[in-house]
Amino acid sequence: MRFVDSASVMVEAGKGGRGCLSFRREKYIPDGGPDGGDGGDGGSIYFRGQEGLNTLSEFRYNRLYRAKNGLPGEGSDRRGKSAIDMYVEVPLGTKIIDLSTDEVIGEITLHKQDLLVAKGGFHGLGNARFKSSINRAPRQTSPGTPGEVREIGLELNVMADVGLLGMPNAGKSSLIRQISGARPKVADYPFTTLHPNLGVVKAGNNHFVMADIPGLLEKASEGVGLGFEFLKHLSRAKALLHVIDILPADGSDPASNYLTIEAELKKFDDELFEKPRLLAINKIDLIQEDKRDKIIKDFLKTVKYKGNAFNISALNGMGCKSLVFGLYGLIEEKDEEE
């Protein structure tokens with residue numbers, strides 16, 4: 001399934017039911033008077049936050065959401081039935097925009113959070129409503145008002161505690177498979193990840209959410225490769241984990257790869273660049289044990305990295321437990337600051 005982070009849909013709230021024109025007619029009761037009831041209200045449309053969703057792909061196929069109309073009023077002062085409101089589930093982190101005015105209607109950030117996007121029409125009034133001391137037999141009613149019609153834009157930023165970043169084939173998908181229940185596609189060619197994968201990672205009795213973001217290339221901030229379409233998803237993460245392939249199969253320099261990704265973060269957004277992050281040096285199992293320390297030490301010296309670095313193998317789990325607790329500690333520090 002291809003990840004879609006933006007979509008547009010049309011929403012049409014229901015029309016209010018018309019009021020009824022009716023007079024009471026019973027045997028032996030002359031001049032019964034008006035008894036036309038009001039109509040029912042039209043159905044409104046709400047967007048509702050739903051955990052577990054992480055794509056807007058459904059909205060590529062379902063482009064129109066139409067609520068039902070209220071029923072008309074009836075005689076004997078019976079009001080028409082109001083239509084049931086419609087609730088459309090969207091992923092957490094979805095921004096709702098009125099495309100005709102570019103107004104941001106709101107943003108869905110919580111599970112079961114509801115946001116009204118199209119108000120249903122008001123019910124019409126029956127002729128009983130218009131009875132007065134000078135008008136005992138009104139023939140006046142009112143139709144229901146139409147419901148709101150809007151063209152809505154949806155923009156999704158994946159919500160996660162930790163965002164993974166790195167070059168294609170750095171091992172990010174393998175890592176999230178190793179430490180969570182997520183099962184992203186893993187293969188030996190670039191861009192096997194085409195949409196963010198979310199995984200819940202356990203750290204003892206605690207847990208956090210990790211997002212596997214598609215790999216980045218040089219000039220990603222300018223749209224190269226999968227571009228800033230995915231860089232912006234990192235903006236919601238509390239912390240970042242930079243995954244480096246210490247022995248790239250394409251023969252590239254891991255230090256150069258690291259500096260390229262860091263430069264793209266800086267160019268894209270200063271705030272994103274300043275996010276707290278850890279470094280995971282991956283695929284150390286491919287290096288002979290007697291050479292690991294020197295290779296890793298030379299790498300850290302070249303890139304001038306001063307933070308916490310974890311030596312791991314996403315394939316066999318080596319060092320991953322320590323990394324998980326290191327990430328959770330980083331998230332706790334961020335929460336305390338906020």
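Taking the criterion of being under 23 Å from residue 49 (Cα atoms), in a strand (DSSP E or B) and among the small types (Gly, Ala, Ser), the only residue of the range 115-137 that qualifies is 118.
Among residues of the range 113-129 being among the small types (Gly, Ala, Ser) and in contact with a strand residue (DSSP E or B) (Cβ under 7 Å, 6 or more places away or on another chain), the one that is surrounded by the fewest Cβ atoms within 10 Å (Cβ to Cβ) is 128.
The set of residues in the range 45-99 being among the polar types (S, T, N, Q), touching an Asp or Glu at 6+ places or on another chain (Cβ under 9 Å) and within 28 Å of residue 123 (Cα to Cα) consists of 76, 82. How about the range 138-173: which of its residues are within 26 Å of residue 334 (Cα to Cα) and either outside any loop (DSSP other than H, G, I, E, B) or modelled with pLDDT of 90 or more (or both)? Residues satisfying the conditions are 155, 156, 162, 163, 164, 165, 172, 173. Within the range 281-319, the set of residues being closer than 16 Å to residue 164 by Cα and either of a type in the set (S, T, N, Q) or part of a helix (DSSP H, G or I) (or both) comprises 282, 308, 311, 313. Scanning the range 5-55 for residues that are more than 22 Å from residue 119 (Cα to Cα), surrounded by 16 or more Cβ atoms within 10 Å (Cβ to Cβ) and of a type in the set (Asp, Glu) yields 5, 35.
Within the range 83-114, the set of residues being assigned to a loop (DSSP other than H, G, I, E, B) and without any contact (Cβ under 8 Å) to a residue 60 or more places away in the chain comprises 84, 85, 100, 101, 102. Filtered by the rule that a residue be at positive phi and exposed (fewer than 11 other Cβ atoms within 10 Å of the Cβ), the range 283-316 gives a lone residue, 304. Of the residues making up the range 59-77, those that are surrounded by fewer than 16 Cβ atoms within 10 Å (Cβ to Cβ) and either out of contact with any strand residue (DSSP E or B) (no Cβ under 7 Å at 6 or more places or on another chain) or assigned to a loop (DSSP other than H, G, I, E, B) (or both) number 4. Residue check: residue 90 meets all listed conditions (1) surrounded by fewer than 22 Cβ atoms within 10 Å (Cβ to Cβ); (2) modelled with pLDDT under 95; (3) not hydroxyl-bearing (Ser, Thr, Tyr) but one, namely (1).
State yes or no: is residue 111 closer than 19 Å to residue 36 by Cα and not polar (S, T, N, Q)? No, not satisfied.
Only one entry of 278, 265 meets the criterion of being in a helix (DSSP H, G or I) and touching a Leu at 6+ places or on another chain (Cβ under 9 Å), and that entry is 265.
Selection of the range 36-67 for residues being more than 28 Å from the chain's Cα centre (by Cα) and more than 19 Å from residue 82 (Cα to Cα) yields an empty set.
If you go through the range 299-308 one residue at a time, do you hit one that is closer than 25 Å to residue 249 by Cβ, in contact with a Lys or Arg (Cβ under 7 Å, 6 or more places away or on another chain) and either touching a residue at least 24 places away in the same chain (Cβ under 8 Å) or outside the structural domain of residue 249 (by TED's automatic domain parsing) (or both)? No. Applying a threshold of 7 Å to beta carbon distances and a minimum spacing of six or more residues, or different chains, the list of pairs starting in the range 253-269 at a residue that is buried (at least 16 other Cβ atoms within 10 Å of the Cβ) and ending at one that is modelled with pLDDT of 85 or more and assigned to a helix (DSSP H, G or I) reads 254/299; 255/299; 255/302; 255/303; 258/303; 265/273.
The values are calculated or read from the model by the stated rules, or taken from the named source; none is laboratory data. Keep in mind that what you see is a predicted model, and the values were worked out from it rather than measured. Note that each Cβ is placed from the backbone with ideal geometry, even for glycine, and that neighbours are counted across all protein chains shown.
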